[in-house]
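Following: one structure in C-alpha cells, then a few remarks.
FYI, it's all coordinate maths here, none of it is from the lab. Fair warning: this is a prediction, and the values are worked out from it, not measured in the lab. Don't worry about glycine lacking a Cβ; one is built from the backbone with ideal geometry, like all the others, and counts go over all protein chains shown.
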C-alpha cells in the first residue's frame, strides 16, 4: 500500500513539474544517487550501476536538467529522480517480490527500475486496472533497458524480453476488440496468458466464450457433409462450449482456450466472492454483483447460440438445412428435463436455454417432416410465428419464417410451413404404418436367404410406399425408400437367376416388383435389373400365370357356406390367362385348392341366381 502511495506522489510531482516549469528557468540538479547496497538484495552489491549503463567506459554521465517550478512537492524519499526505486526488497510491490523472472533481471541490473512496477501481467490483464493510454507506461523504458542488456550480452535479457512479449499479448487482450482479431491472433494471446497461468477476468472470459462459439459455428457452416465425423467432432465441441448442462469428457482439461459456459458461470461467481473478500466490495453488494455478472455470462451464452452465422443459416437454409437440423437436434437431445433440473440454481442461464429450446423445437418441426420430432409440436411453431415480444432472438427467427420470397428466391420456411399445415395430419396418421414398413425392410435385409422372405409383405410395401409419399410431408418417406432399394436389389438379383416356377410369384406380384424397380431410375444397376426382370417374366410366363390363379384361389374360404367376400372378377381374369395345359397339369394340394375355389364360386353364383330369380 505504501508503494502505491509513493507512485501516486511521484506522478503528481512530475505532472506539477511539467505544468509549472514551463516558464521557469533551468537549473542543475545533483547527480543521481547510487543505491545503498546494504539495503538491497545481496546479489545487487557487485552489479554495475544502471546510471552508467549507456555510457562509454571512462566517460562521465551528463547531469540532468529540468525546469524550475515555483512550488514543488517534496520528493519521495524512496524514489530517485532517475526512475530507480531506492529501498530494501521489502519496499517492492508484493507481486514483484514473488516474480522470479523480474527478480533475476533486477539482480543482474543491481537496481530496481521504476518502470518495472508497471510490468505486472496479471494487473495489466484487467481492463479496469489498466485503462487505455497507460496500461504499459513502463514498456518503453523497459525496452531501453532490454537493449542495454542485449548489448552487454547478458543472458537475463531473454527473461525481460519474454516479459515484454507477454505484456504485448496482455495489452491486446485487455484493450483490443476480440471480435476484430483473427482466430490465430486471439489464440496466440490467450495461449500466452494460459501458459503463464494468468487469471483472465470474467469480463474477458465472456468475450472469449462468444468468440470460441462463433469460430466453431463458422467451422460447421463451412463444412459440406453434416454426417461426417469431422462435423460431429466440431458439433460436440460447440455444444460443450455453449451448453452448461453438458459435462466434458473424462480427461479433457478445460482452459481459457476451450472455455465452456459451465466454467464461465463458476468463474464469474468466484470473481465476485474474491472482490468481496479481498477488494472494496461489501457483502451487501454481493447479490447485485452476482446477478449482474451471471446475467452477462448468460447473455454471452445466448450470443454463442444465436450468433451471426446462425442467422445466415436461417437465411440461406437451402444451403444449410442438414447442418442446421443436426445442430438443433443435438441441442434438443442433450437439453432434457433432467439436464434442465441441473440448472435450477442458475436462473439466468436456464432462461436462455429454455428460450433457445422453444425456438429449436419450432425450427426442427419445419426442417424435419417426422411427426412430433424430438418432442416438437404445432404449438411450438405457432408460438414463434405469432411472437409479439421485443426479444431480438425470437423476433429475428419469426421474421425469417414469415419473409416473403419470390420465384427466383423462394422462402423455404414459408413453403415448409404450408406443407406442415396441409399434410401434417395425414403424416401423423400414416406414420405408424411407415415405421412398420421400415421395420419389415430391416428384417428382410438381415435374411441370409433373400428368396425365403415374405414376398407378399414386400409386394405390399412396394405398392403402399408411393401412395404414402403422396399423402405425407415431403421427405418423410425418404428413409423408407432408402431401405427398400437394397432389399429390392438383393431380391430381384436372386429372382432372375432362379429357374421358372422355382419361386412362387404370381402375375400381380411380378408386376408390383417391376414397378418397385422402376422407382429408382437414377440407379443404373436397378435399370439393368428391370431389363432382366422383363426377360424373367417372359421366360416364366406360364408358371407365373398358374401361380397367380392358385394365389387367388387360396384367398377364398374353404367353408362353402361362408358369406361372399371380395369378388370373382380376379379369378375369372386369372382363369383366362392361365394356359389350359398348366391347369390340366395341376395335382395334389394345388388341384384341391383350385377345386375348392371353383365349388365356392359355384355356390356364390347359385345364391346370386336364387336371389335374382323372378317369380313365375
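Filtered by the rule that a residue be farther than 19 Å from residue 511 by Cβ, free of Cβ contacts under 8 Å to residues at least 24 places away in the same chain and over 34 Å from the mean Cα position of the chain (by Cα), the stretch 448-483 gives 448, 449, 452, 470.
Give me the residue from the stretch 428-447 that is free of Cβ contacts under 8 Å to residues at least 40 places away in the same chain, farther than 23 Å from residue 551 by Cα and outside any loop (DSSP other than H, G, I, E, B) and, out of that set, nearest to the chain's Cα centre (by Cα).
Step by step, filter the stretch 428-447, then rank; the result is 435.
For every residue, the table says whether it meets (1) closer than 30 Å to residue 291 by Cα; (2) not in a loop (DSSP other than H, G, I, E, B).
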{"residue": "339", "(1), (2)": "yes, yes"}
{"residue": "343", "(1), (2)": "yes, no"}
{"residue": "348", "(1), (2)": "yes, yes"}
{"residue": "360", "(1), (2)": "yes, yes"}
{"residue": "369", "(1), (2)": "no, no"}
{"residue": "423", "(1), (2)": "no, yes"}
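Note on the stretch 559-609: residues that are touching a helix residue (DSSP H, G or I) at 6+ places or on another chain (Cβ under 6 Å) and over 19 Å from residue 548 (Cβ atoms) total 2. Of the residues making up the stretch 333-347, those that are surrounded by fewer than 18 Cβ atoms within 10 Å (Cβ to Cβ) and either within 25 Å of residue 413 (Cβ to Cβ) or without any contact (Cβ under 8 Å) to a residue 60 or more places away in the chain (or both) are 333, 334, 336, 337, 338, 341, 344, 345, 347. The residue that is surrounded by the fewest Cβ atoms within 10 Å (Cβ to Cβ), counting only those in the stretch 200-235 that are out of contact with any helix residue (DSSP H, G or I) (no Cβ under 7 Å at 6 or more places or on another chain) and without any contact (Cβ under 8 Å) to a residue 12 or more places away in the chain, is 229. Of the helices (runs of 4 or more DSSP H) lying entirely inside the stretch 98-199, the ones with 1 or more residues being without any contact (Cβ under 8 Å) to a residue 24 or more places away in the chain are found at 100-109, 139-151, 157-175, 183-195.
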